[in-house]
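Colleague: Let me begin by handing over the structure; questions about it come next.
The values are calculated or read from the model by the stated rules, or taken from the named source; none is laboratory data. Treat the numbers as computed from the prediction; the structure is a model and nothing was measured. Because the Cβ atoms are built from the backbone with ideal geometry, glycine has one as well, and the counts that use them run over all protein chains shown. Quick note on the areas: whole protein, heavy atoms, side chains included, nothing else; ligands and nucleic acids left out. Shrake-Rupley method; radii C 1.70, N 1.55, O 1.52, S 1.80 Å.
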Amino acid sequence: MSELTVEEWVRTNKLASHESATAESADDAAVAAVRGFNRFYTNAIGLLRGKYLDTPYSLTEARLLFELAQRDTSEVTDLRRTVDIDPGYLSRILARFESDGVIWRERSAADGRRQVIQLTASGREVVAGLDARSAEQVRDLLASLAGDGRRRLLDAMRVVTETLSGSPPPRGYLLREPRPGDMGWVVQRNGALYAEEFGWDASYEALVARIVADYVENRDPQAEAAWIAEVDGAPAGCVFCVREDATTARLRLLLVEPWARGLGIGGRLVDEVLRFARRAGYTRITLWTNDVLADARRIYQRAGFTLDDESPHHRFGKNLMGQNWSRDL
């Protein structure tokens, strides 16, 4: 390998220095962004106003009380590991809690070297008050968000949690009645999702809009219902149960967002429809679908539906095989 000339050596070192400075500059910008967010968020949730939520306790103390409330008894070593707190600091806080009458401490019956802590009745009242104040603060924060701000915030918080923890946490969901704005979401997501996954045109969205409008304007609450599935505060699925005739219900507009699949939401939505239909006095339930909707068809089959008939048709810009499925209730 030939030796570098002085000029070449200088140019090489300048280039390396420039690349290093560029990398350091990018790192510095990232660090500044994270620190800026930390300053913003701690101010947004009131952590700079002294005691937490206008109570006699600091944020650290409130967090320890919350952890103690999660179980009947806790060992000091487990508490220190959960909250990642200095042992001396933890000891001083526990001494204060004991002085305030919110906890009692005793030696473990199994191991005298270990200390067991339990909240007193007064301590549980303190935790209940902290929970109520914290929930009210968060509700006020979410209520101030316009448009899809709530969903964007929750999505961003989920990404932060999953990224920093290294693995996504188990996700749960809930089913609820539609709220104002949900019906518009049903129409928009059906139109967008079926266009993306199956290439259906706007005529399908128009069909969904008519179904939803008819439901809203003419719904019989004793015989018809709809459900929204929610994951982490964001709509993740929907389904409708409407009247076909006096003895037959119809399941319509089953949808689960791609990012929420695998949680069992589709099957749970269908089960909810079946339970409602039975309570409403129907003896049979039917639905119409298309053969390309393989995932939905598997959900229907698991729920006991069987294929009645099928026929080809051209609709939504595609050649499709329409199918009628039903089952007794």
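Colleague: Scanning for something of a type outside the set (Ser, Thr, Tyr) and not in a helix (DSSP H, G or I), does the stretch 147-163 turn up at least one residue?
Modeller: Going through the stretch 147-163, the residues of a type outside the set (Ser, Thr, Tyr) turn out to be 147-160, 162.
Narrowing the set further to residues that are not in a helix (DSSP H, G or I) leaves 147-148.
Taking every residue of the stretch 147-163 in turn, at least one turns out to be of a type outside the set (Ser, Thr, Tyr) and not in a helix (DSSP H, G or I).
Colleague: Evaluate the stretch 174-182: report whether one residue or more is open to solvent by 70 Å² or more (accessible area, probe 1.4 Å), out of contact with any His (no Cβ under 7 Å at 6 or more places or on another chain) and either assigned to a helix (DSSP H, G or I) or of a type in the set (Ser, Thr, Tyr) (or both).
Modeller: As a first pass, look at the stretch 174-182 and keep what is open to solvent by 70 Å² or more (accessible area, probe 1.4 Å): 174, 177, 179-180.
Next cut, out of contact with any His (no Cβ under 7 Å at 6 or more places or on another chain) only: 174, 177, 179-180.
Narrowing the set further to residues that are either assigned to a helix (DSSP H, G or I) or of a type in the set (Ser, Thr, Tyr) (or both) leaves none.
No, every residue in the stretch 174-182 fails to be open to solvent by 70 Å² or more (accessible area, probe 1.4 Å), out of contact with any His (no Cβ under 7 Å at 6 or more places or on another chain) and either assigned to a helix (DSSP H, G or I) or of a type in the set (Ser, Thr, Tyr) (or both).
Colleague: Would you call Ala192 of a type outside the set (Asp, Glu) and over 13 Å from Leu255 (Cβ atoms)? Let's see the steps before the verdict.
Modeller: On the way: of a type outside the set (Asp, Glu): yes; over 13 Å from Leu255 (Cβ atoms): no.
In short, no.
Colleague: I need the helices (runs of 4 or more DSSP H) fully contained in the stretch 1-116, keeping only those with at least 2 residues that are surrounded by 14 or more Cβ atoms within 10 Å (Cβ to Cβ), in contact with a helix residue (DSSP H, G or I) (Cβ under 9 Å, 6 or more places away or on another chain) and at pLDDT 85 or above. Write out each step before concluding.
Modeller: Working: elements: 6-44, 59-69, 76-83, 87-100.
The qualifying helices (runs of 4 or more DSSP H) are 59-69, 76-83, 87-100.
Colleague: Which ones in the stretch 216-241 are over 19 Å from the mean Cα position of the chain (by Cα) and open to solvent by less than 20 Å² (accessible area, probe 1.4 Å)? Steps first, please.
Modeller: Initially, the stretch 216-241 is screened for residues over 19 Å from the mean Cα position of the chain (by Cα), giving 216-226, 240-241.
Answer for the stretch 216-241, where residues must be over 19 Å from the mean Cα position of the chain (by Cα) and open to solvent by less than 20 Å² (accessible area, probe 1.4 Å): Ala223, Ala225, Ala226, Phe240, Cys241.
Colleague: Still on this structure: Please enumerate the residues belonging to the stretch 297-329 that are out of contact with any Ser or Thr (no Cβ under 6 Å at 6 or more places or on another chain), open to solvent by less than 20 Å² (accessible area, probe 1.4 Å) and closer than 20 Å to Asn190 by Cα.
Modeller: Let us first name the residues in the stretch 297-329 that are out of contact with any Ser or Thr (no Cβ under 6 Å at 6 or more places or on another chain), namely 297-307, 309-315, 317-321, 324-325, 327-328.
From what's left, open to solvent by less than 20 Å² (accessible area, probe 1.4 Å): 300, 303, 305, 320, 325.
Hits for the stretch 297-329 are Tyr300, Leu320.
Colleague: What about Leu130, is it more than 17 Å from the chain's Cα centre (by Cα), under 22 Å from Gly266 (Cα atoms) and touching a residue at least 12 places away in the same chain (Cβ under 8 Å)? Outline the logic, then answer.
Modeller: Numbers: more than 17 Å from the chain's Cα centre (by Cα): yes; under 22 Å from Gly266 (Cα atoms): no; touching a residue at least 12 places away in the same chain (Cβ under 8 Å): yes.
Criteria not met by Leu130.
Colleague: Go through (1) under 30 Å from Val138 (Cβ atoms); (2) open to solvent by 70 Å² or more (accessible area, probe 1.4 Å) and name the single condition Arg210 misses.
Modeller: For Arg210, the failing item is (1).
Colleague: Taking Glu257, is it touching a residue at least 12 places away in the same chain (Cβ under 8 Å) and within 29 Å of the chain's Cα centre (by Cα)? Even if it seems obvious, please write down each step before you answer.
Modeller: Numbers: touching a residue at least 12 places away in the same chain (Cβ under 8 Å): yes; within 29 Å of the chain's Cα centre (by Cα): yes.
For Glu257, the condition - touching a residue at least 12 places away in the same chain (Cβ under 8 Å) and within 29 Å of the chain's Cα centre (by Cα) - is met.
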